[in-house]
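The values are calculated or read from the model by the stated rules, or taken from the named source; none is laboratory data. Note that this is a predicted model, so its numbers are computed, not measured. Please note: Cβ atoms are built from the backbone with ideal geometry, for glycine as well, and neighbour counts cover all protein chains shown.
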Amino acid sequence: MDQAFLDNSLWRNIYCVLAGDSAQCASREYSSGLLPGGMEWLAFLIAAAAIIGLFVNGVLGGVIVLIWGERRLFGRFQSRTGPNRWGPFGMLTSVADAIKTMFKEDLVPAEADRILFNLAPVLIAAPALLVFSVIPFGIGTYVADLNIGVLFIMAVTSLTTLSVLTAAWSSANRIAILSALRSIALLISYEIPMALALVGIIMLAGSMSLGDIIAAQNVPFIIVQPLAFFVFFLAAMAEMARAPFDLTEAESELAAGYLNDYASMKFGIFFLAEFMAEISTSAIVTTLFLSGWRGFDPIPSHFWFGAKLIAVLFVIIWFRMTLPRLRVDQVLKFAWKGLFELTLINIVVTAILIAIWPQPTTSQLWMMAAINWPIAIISIWGVSKLLGTSSYDKPQPDADNPEYPVGSEEIPAASVYKAESTSQAQASNEGGD
């Protein structure tokens with residue numbers, strides 16, 4: 001067993017309980033194991049299966065709770081009750097929906113490519129699960145600490161574009177294909193500023209490892225890098241197809257969008273992936289900008305991570321309930337003419353500050369924050385002015401085209417069409433003859 005695995009408390013507490021007789025575990029005060037000597041390979045497989053099952057089931061359980069919590073918050077935001085029938089406070093509503101979805105008829109269009117049609121739900125759910133493999137949820141609590149963790153996350157989440165196109169193309173539905181093409185344009189447009197927003201984080205931490213990035217946050221990077229957080233958060237909302245960027249489905253225009261022909265648990269997996277992406281995005285934001293599991297003793301690190309993750313989820317739900325959907329041209333314009341330029345400003349400013357303070361201390365991080373906040377506010381204000389709609393003057397009515405009155409006024413006589421009587425029309429016709 002490699003020492004990197006034993007530094008992980010999850011691996012160590014499972015593996016060494018099973019293979020405590022090994023030299024590596026003995027050096028960490030594990031005297032005996034459940035398995036006999038020479039069975040370390042079996043202990044490794046059991047530990048791997050247990051950790052994978054723990055994370056997968058934990059994420060799925062979190063999705064069930066998130067669906068219920070989001071619906072309850074929707075009710076509060078919209079001055080209604082929300083789910084309140086199944087279980088106390090409606091807590092079993094999500095479970096009832098899952099059971100109902102399982103027993104629905106699984107339909108496949110006659111002209112669909114069955115292999116790709118069945119593969120698409122797996123392709124869209126797998127990236128959301130893989131992200132959690134590199135997220136540290138507490139001290140020594142992670143599946144793997146990759147030295148390219150940030151690059152791994154960006155590479156895995158980009159597979160969503162392929163899964164969306166696969167789902168639409170395999171169903172042979174024009175509406176689904178139209179939705180997928182519009183969605184791909186959105187996803188590709190926002191992947192670029194989202195990746196560039198993390199350049200400043202990597203420059204400050206000097207590493208792509210998520211563990212090193214957390215260790216470097218003596219001051220949370222949301223304070224040191226406000227412009228990067230602003231761009232990353234909005235780009236992540238677009239990548240999740242959350243309002244106001246929910247052009248992937250746009251129910252009023254494209255029905256269910258690219259998954260229009262999916263039913264039963266295939267549709268359920270798409271729905272599940274959407275909420276898993278919401279949790280994974282909150283976990284990424286917590287790790288990169290909110291100092292991850294770091295907090296104050298004696299409160300456990302896992303509690304700090306969970307509390308920050310829930311706070312980010314609340315902001316995401318609040319954001320969705322506040323803003324209306326944008327047009328597709330507005331969404332693309334915002335990505336290429338707004339967020340992209342903001343990331344370039346952040347990279348240049350961060351590079352200059354790191355050239356001044358190559359190894360910033362805590363006080364120097366606070367000085368960076370004091371410089372970055374005014375720059376972020378001015379940059380966002382300037383971009384909003386460039387992208388904003390120009391003001392219009394109140395139109396003045398012409399003499400021949402009077403202004404249409406409001407309900408409390410009378411219609412001008414010049415605007416009223418008076419039909420001629422029958423006798424007058426006949427007389428004018430006879431005179432014309």
**Asked** Do we find that residue 126 is part of a loop (DSSP other than H, G, I, E, B) and either under 25 Å from the mean Cα position of the chain (by Cα) or surrounded by 15 or more Cβ atoms within 10 Å (Cβ to Cβ) (or both) in this structure?
**Response** no
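Could you identify the single residue in 340, 319, 305 that is over 22 Å from residue 150 (Cβ atoms) and either of a type in the set (Asp, Glu) or in a helix (DSSP H, G or I) (or both)? Steps first, please.
On the way: 340 fails: over 22 Å from residue 150 (Cβ atoms); 305 fails: over 22 Å from residue 150 (Cβ atoms).
Answer to the selection: 319.
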**Request:** Say whether the condition of being touching a Gly at 6+ places or on another chain (Cβ under 7 Å) and aliphatic (A, V, I, L, M) is met by at least one residue in region 191-205.
**Result:** no
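Of the residues that make up region 322-340, is at least one of a type in the set (Gly, Ala, Ser) and surrounded by fewer than 17 Cβ atoms within 10 Å (Cβ to Cβ)?
no
The rows are residues; the columns are (1) buried (at least 18 other Cβ atoms within 10 Å of the Cβ); (2) modelled with pLDDT of 80 or more; (3) outside any loop (DSSP other than H, G, I, E, B).
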residue	(1), (2), (3)
1	yes, no, no
4	no, no, yes
10	yes, no, yes
16	yes, no, yes
42	no, yes, yes
45	no, yes, yes
52	no, yes, yes
56	no, yes, yes
67	yes, yes, yes
**Message:** Can you tell me which of (1) closer than 30 Å to residue 159 by Cβ; (2) modelled with pLDDT of 85 or more; (3) of a type in the set (Gly, Ala, Ser) is the one residue 128 doesn't meet?
**Reply:** (2)
**helices (runs of 4 or more DSSP H) wholly inside region 209-281 that include at least 2 residues being at pLDDT 85 or above** = 210-215, 221-224, 226-239
**Prompt:** Can you tell me which residues in region 63-107 are touching a residue at least 40 places away in the same chain (Cβ under 8 Å) and among the β-branched types (Val, Ile, Thr)?
**Reply:** 63, 67, 101
**Asked** Do we have residue 355 as more than 13 Å from residue 227 (Cβ to Cβ) and buried (at least 17 other Cβ atoms within 10 Å of the Cβ) here?
**Response** no
**Prompt:** If we scan region 86-94, do we find a residue that is modelled with pLDDT under 85 and aliphatic (A, V, I, L, M)?
**Reply:** no
